[in-house]
Amino acid sequence: MSVDEYAEAGRLTTSGWREALDDGVLLGQECRDCGHVTGAPKAACVRCGSRALDTVHLPETGEVYSVTRIEVAPEGFDAPYHVAMVAFDGGRVTARLGDEAEIGETVTFEGAASTPEGPAPLFD
Ligand SMILES: [Zn+2]
């Protein structure tokens with residue numbers, strides 16, 4: 001499927017983003033005005049406020065920008081687990097890590113992690 005098939009009227013929605021993730025496709029949005037890339041659907045660019053956002057495939061490798069080990073998890077989640085900001089050229093995505101990782105380590109998109117709140121990008 002092309003990225004636009006997950007979007008509604010040209011705009012990526014949370015349900016379209018989740019559907020793509022369940023298909024093993026990592027989507028984000030790129031701002032036509034400033035080039036900023038986000039890893040999850042937004043109504044407007046977080047950097048410049050523009051609503052001119054294109055749905056794009058995100059890179060499937062990135063670098064661990066920050067990482068947190070969740071010890072006390074929300075109800076329904078199995079702790080401990082690792083959540084990271086994964087950085088790539090132009091942006092970042094919040095993701096689950098399959099294993100511990102150091103800041104600066106290269107990680108690869110593995111598909112969707114199943115969570116009680118829906119799929120989350122999984123990197124390892
Ligand atoms: Zn922008």
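Every number here is computed from the coordinates shown, using simple stated rules; none is lab data. For clarity, every value in this text was computed on a predicted model and none was experimentally measured. Here the Cβ is made from the backbone with ideal geometry for all residues, glycine too, and neighbour counts use every protein chain on show.
Summary of computed values
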| item | result |
| --- | --- |
| Long-range HN-HN contacts of LEU26 with modeled amide H, under 5 Å | LEU58 |
| Order of VAL46, VAL86, VAL37, VAL25 - criterion: other Cβ atoms within 10 Å of each residue's Cβ, fewest first | VAL46, VAL25, VAL37, VAL86 |
| Under Karplus coefficients 6.51, -1.76 and 1.60, residue-wise ³J(HN,Hα) of the range 96-104 in Hz, glycine/proline x | 7, 9, x, 8, 4, 8, 8, 4, x |
| Label-point gap, in nm, between ARG69 and ARG47 - each point 7 angstrom along Cα→Cβ | 3.3 |
| Residue exposure sequence - THR61, THR13 - by fewest surrounding Cβ within 10 Å | THR61, THR13 |
| Calculated from backbone phi, Karplus (6.51, -1.76, 1.60) coupling profile of the range 109-124 in Hz, x at Gly/Pro | 5, 10, x, 9, 8, 7, 10, x, 9, x, x, 10, x, 10, 10, 8 |
| Volume in Å³ per residue [convex hull over Cα atoms, computed for the chain] | 102 |
| Residues SER2, SER66 arranged by fewest to most Cβ contacts within 10 Å | SER2, SER66 |
| Net +/- balance of residues flanking GLY76 in space, Cβ distance below 15 Å, scoring K and R +1, D and E -1 | -2 |
| Part-to-part distance (alpha-carbon centres) for the range 1-75 and the range 83-121, which is given in Å | 12 |
